[in-house]
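The values are calculated or read from the model by the stated rules, or taken from the named source; none is laboratory data. Bear in mind the structure is a predicted one, so any value in this text is a computation, not a measurement. Note: ideal-geometry Cβ built from the backbone for every residue, glycine included; neighbour counts use all protein chains shown. Heavy atoms of the whole protein, side chains included, go into the accessibility calculation; ligands, DNA and RNA do not. Shrake-Rupley method; radii C 1.70, N 1.55, O 1.52, S 1.80 Å.
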Amino acid sequence: MIPVNINRIRERIQRAATKAGRRPEDVKLLLATKTVTAEGIREAAKYGELLMGENKVQELKQKHEALHDLPLNKHFIGHLQSNKVKDVLQYVSCIESLDRHSLAIALQKKLSQSDSHIDVMIQVNTSFEASKFGLKPDDALTFAASLKNYDRLRIKGFMTIGLFDADPEKVRPSFALLRQIKEEAIAHKILSPEEAFHLSMGMSNDLETAIEEGATIVRVGTAIFGKRALPDSYYWNEKA
Ligand SMILES: *Cc1c(COP(=O)(O)O)cnc(C)c1O
């Protein structure tokens, strides 16, 4: 099923981009692989999908070891505890879930020690729900400006989960808000167009809407790998 599902998602991305007057190749597919086995990821990789995102450091580590022979590009897309920074830096090229100063400080410190850099995206809570991580939209630009102090972090854009609703039209304001934050960051010269480039938004159920609102990365799990055994609250809630 995985190859068939990947084809369907590629078609959905193409159609949505074309409809929005955008180039399909400007929207990247990121496999959201939480709970997916290494074999599942290997199958998707066979069909050319090499960009993946994990939510938990432990899972990331296990799959990294099982899949080290593949040229996968891994992003971290879950809540990152500062004490896990050292581990996560071994595995990923980008942390999409940068959402607080303490994490920026922890990253800067570890990266300075190893004289290296990492790509980051600023995660914004665009749905105003208490249960999701991310900065308040009002704080996003101040936070972005403050990241200039952390020279080990290469800012690449913004990420959001958005309102959790089966109706993509109800999620649209979340995506529009992230786009607006990006545009303001550029207009006010808080970030360069390159630093504010990515909008990582849109999932299985609402990727078309996200693409219409400017998504450059859509993160898709269920529509490729099937339903997960664990509820998303396990990954998204404060206490998880
Ligand atoms: C699980 C997850 C996704 C993918 O969600 P699906 O609805 O399964 O496509 C995307 N982003 C994040 C941060 C996730 O945790």
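What to note about this one:
- Placing H75, H117, H188 in order of accessible area, with the largest value first and a 1.4 Å probe, yields H188, H117, H75.
- Amide H within-cut-off set for L135, under 5 Å, with H built and near neighbours excluded: Q123, V124, N125
- At an R0 of 25 angstrom, the distance between the Cβ atoms of Q81 and T222 translates into a FRET efficiency of 0.45.
- Take the Cα of H68, step 7 Å toward its Cβ, do the same at K170, and the gap between the two points is 4.6 nm.
- Most to least accessible of D165, D206 (protein chains only, probe 1.4 Å): D165, D206
- Among the helices of the chain, none built from whole DSSP H runs has Cα atoms reaching 20 Å or more along its own axis together with a mean Kyte-Doolittle hydropathy of at least 0.5.
- Percent accessible area from carbon and sulfur atoms, the chain, protein chains only, probe 1.4 Å: 51 percent
- In percent, rounded to a whole number, the relative contact order of segment 21-98 is 27, using alpha-carbon pairs under 8 Å and six or more apart.
- Rule-of-thumb Rg ratio for the chain [Cα; 2.2 N^0.38 Å; N residues]: 0.95
- Taken per residue, the accessible surface of the chain reaches 47 Å², heavy atoms only and a 1.4 Å probe.
- Principal axis analysis of the Cα atoms in segment 1-118 yields extents of 44, 34, 22 Å, listed in decreasing size.
- Here the relative contact order of the chain, from alpha carbon pairs under 8 Å that lie six or more residues apart, stands at 21 percent.
- Distance from the alpha carbon centroid of segment 10-54 to that of segment 123-161 works out to 24 angstrom.
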